[in-house]
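*Asks:* For reference, the structure I am asking about is given below.
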Amino acid sequence: MSAQELYDRFAELAGCAGQGSLKCLKGADVQVLREASLAVSALHTYTTSSNSWAPVIDGVFLKEPLSEAAAKGTVDLDVGWSMYNTHEGENFIPPGFQNSTAAGGFNSSEASFSSWLRGFLPGLSKRELSRVAALYPPSGTAEELTYNTTYVRAGLIYRDTVLTCPALWMANSSRQDAYFGQYTIDPAKHASDTVYWNQVNTIQKTNLFIYEGFAGAFASFFKTGDPNAYKLTNSSQAAVPELNQGGEQWIIGSNGFATGPTDMLQRRCAFWQSVARRVPI
């Protein structure tokens with residue numbers, strides 16, 4: 001379901017369908033809104049509304065999707081930096097993929113994976129779904145990851161479509177310098193990286209090395225547009241590479257900082273960009 005469809009259904013359940021729905025919702029009873037919200041959040045769980053928040057293309061503030069703007073070169077960005085986490089798609093897929101016995105309607109079988117894929121991407125043709133399965137085989141490699149489970153395989157698909165490829169498109173759209181990186185420290189799930197930069201906490205003292213290297217690069221970028229201008233790690237640790245110069249990403253690992261290629265990711269994201277209009281996010 002698109003963001004607009006989710007909103008329309010929410011308004012309908014709250015008794016506010018049609019013209020003036022937003023004004024109606026603002027005056028609706030809180031309990032009515034809660035019940036409508038709970039109902040909408042449970043719609044098509046793990047398929048077309050597994051990500052139930054998204055920007056709406058209204059033709060005024062947002063005139064086109066990022067996938068199209070990036071392809072046409074109309075993203076208004078001089079210097080950009082995007083990050084993603086290795087396993088962050090796994091927060092949003094059926095947990096049943098981890099087991100051979102069914103849980104919540106899903107298991108680790110190929111049939112269960114195929115059923116989920118059709119539900120997650122209903123706008124894609126059989127040929128395109130076969131292409132997805134080929135790009136994400138039952139066992140394989142992806143950047144800093146080697147995998148052989150349905151759970152990680154499905155997580156990669158979700159990660160790339162919803163999080164990583166849009167991040168790459170944005171970084172690639174920078175008119176001047178572009179930076180791109182992957183956070184790999186276990187568990188490397190969605191938001192695992194935030195402990196190093198979103199608020200003061202213990203890990204910033206117990207792992208000062210990663211904190212200074214990671215948050216320091218962020219601070220340098222925010223201040224100067226260059227993550228390496230105030231680099232806090234020594235020469236043994238990789239600086240953040242400029243993406244458009246060598247196609248490399250910055251890698252944050254438990255033992256330090258390195259760089260690595262993005263060629264496999266670029267190929268997968270090129271496919272997603274070609275079908276993005278029919279991906280329901």
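*Asks:* Relative to the Cα centre, what is the charge dipole magnitude of the chain, using +1 at the beta carbon of each Lys and Arg, -1 at the beta carbon of each Asp and Glu, and rounding to the nearest 20 debye?
*Replies:* The calculated dipole for the chain is roughly 460 debye.
*Asks:* Would you check the chain for Lys pairs whose C-alpha atoms are within less than 27 Å, ignoring same-chain pairs closer than 8 in sequence, and give me the count?
*Replies:* For the chain, the number of qualifying lysine pairs is 8.
*Asks:* Between Asp78 and Leu129, what is the FRET efficiency for a Förster distance of 51 Å, r being their Cβ-Cβ separation, to the nearest 0.05?
*Replies:* That pair, Asp78 with Leu129, gives E of 0.85.
*Asks:* Normalised radius of gyration for the chain, please: alpha carbon Rg relative to 2.2 N^0.38 Å, two decimal places.
*Replies:* Here the answer is 1.09, to two decimals.
*Asks:* Using the Cβ atoms and a cut-off under 14 Å, what net charge is assigned to the surroundings of Ser130, where Lys and Arg are +1 and Asp and Glu are -1?
*Replies:* +2
*Asks:* Here is a follow-up. In whole Å, how far is the Cα centre of segment 182-257 from that of segment 1-73?
*Replies:* Centre-to-centre (Cα) distance: 34 Å.
*Asks:* Using a simple charge model, +1 on the beta-carbon of Lys and Arg, -1 on the beta-carbon of Asp and Glu, nothing else, what dipole does segment 156-281 show about its Cα centre, in debye to the nearest 20?
*Replies:* Here the size comes out at about 380 debye.
*Asks:* Can you compute the modelled spin-label distance between Glu12 and Ala42, with each label point 7 Å from Cα toward Cβ, in nm?
*Replies:* 1.7
*Asks:* Quick one: among Arg153, Arg267, Arg34, which has the greatest mean-square fluctuation in a GNM of the chain with alpha-carbon springs under 10 angstrom?
*Replies:* Arg34
*Asks:* In segment 4-123, if the dipole is taken from +1 on Lys/Arg beta carbons and -1 on Asp/Glu beta carbons about the Cα centre, which of Asn85, Gln31, Gln4 is farthest to the positive end?
*Replies:* Projecting each Cα onto the dipole axis, the largest value belongs to Gln31.
*Asks:* Once both labels are modelled 7 Å past Cα along the beta-carbon direction, what's the Phe222-Thr146 spacing in nm?
*Replies:* 3.8
*Asks:* Who wins for biggest fluctuation among Val60, Val40, Val32 in a Gaussian network model of the chain, springs between alpha carbons below 10 Å?
*Replies:* Judging by the Gaussian network model, the answer is Val60.
*Asks:* 7 Å from Cα along Cα→Cβ at both Ser2 and Phe61: what's the point-to-point distance in nm?
*Replies:* Placing both labels 7 Å along Cα→Cβ, they lie 1.7 nm apart.
*Asks:* Next up: Sort segment 23-152 into rounded, prolate or oblate with this rule: let a ≥ b ≥ c be the square roots of the eigenvalues of the Cα gyration tensor; rounded if a/c is under 1.5, and if a/c is not under 1.5, prolate when a/b is larger than b/c, oblate otherwise.
*Replies:* oblate
Values quoted throughout were computed directly from the atomic coordinates according to the rules given, and no laboratory measurement underlies them. Fair warning: this is a prediction, and the values are worked out from it, not measured in the lab. Heads up, the Cβs are rebuilt from the backbone with ideal geometry, glycines too, and the neighbour counts pull from every protein chain shown.
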